[in-house]
């Protein structure tokens, strides 16, 4: 996977956002962390209920004791953050550096680029309209 990340397209311009989003979402899905980013797998409280007399390291079920869900979620979120950060330009990285989790990063990048994309589309459409000329029939 690291070789793929080295060659991943980096988001640097608003016009590239849609393709960047598709490719980055695919990478996050491939690493099984997309559900962390899209918010469908929220961070758990970490509370684990054990049977009476059992501790995480002792008792008849100790060998199959599940890892702490909070630590697992944090590790997966950090993996998602690293994938996202590796796929953006330095200026975008500075804009998302204060985000506390991958969901916040994803949403900030989306919000930055969707508003810019709409503005860009309006500008391009207006430019096209202004560049149109009407040729009256019979005039040359």
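The values are calculated or read from the model by the stated rules, or taken from the named source; none is laboratory data. The model shown is predicted, which means the values in this text are computed figures rather than measured ones. Note that we place each Cβ from the backbone using ideal geometry, even for glycine, and neighbour counts take in every protein chain shown.
Screening residue 31 with (1) surrounded by 10 or more Cβ atoms within 10 Å (Cβ to Cβ); (2) under 30 Å from residue 121 (Cα atoms); (3) modelled with pLDDT of 95 or more gives one miss only, at (2). Residues of segment 78-100 that are without any contact (Cβ under 8 Å) to a residue 40 or more places away in the chain and closer than 15 Å to residue 34 by Cβ: 78, 81, 82. Within segment 31-44, residues that are on the phi < 0 side of the Ramachandran plot and without any contact (Cβ under 8 Å) to a residue 60 or more places away in the chain sit with their Cβ atoms under 6 Å from residues that are surrounded by 14 or more Cβ atoms within 10 Å (Cβ to Cβ) and assigned to a loop (DSSP other than H, G, I, E, B), at 6+ positions apart or across chains, in these pairs: 35/41.
Residues checked against (1) more than 27 Å from residue 111 (Cβ to Cβ); (2) touching a strand residue (DSSP E or B) at 6+ places or on another chain (Cβ under 8 Å); (3) modelled with pLDDT of 85 or more:
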{"residue": "35", "(1), (2), (3)": "no, no, yes"}
{"residue": "39", "(1), (2), (3)": "no, no, yes"}
{"residue": "45", "(1), (2), (3)": "yes, no, no"}
{"residue": "49", "(1), (2), (3)": "yes, no, no"}
{"residue": "55", "(1), (2), (3)": "yes, no, no"}
{"residue": "58", "(1), (2), (3)": "yes, no, no"}
{"residue": "71", "(1), (2), (3)": "yes, no, yes"}
{"residue": "76", "(1), (2), (3)": "no, no, yes"}
{"residue": "79", "(1), (2), (3)": "no, no, yes"}
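Consider residue 135 carefully, then state whether it is loosely packed, with under 13 Cβ neighbours inside 10 Å, under 16 Å from residue 38 (Cβ atoms) and at pLDDT below 95. If you could, list the steps in order and put the result at the bottom.
Details: loosely packed, with under 13 Cβ neighbours inside 10 Å: yes; under 16 Å from residue 38 (Cβ atoms): no; at pLDDT below 95: yes.
When the stated conditions are applied, residue 135 does not pass them.
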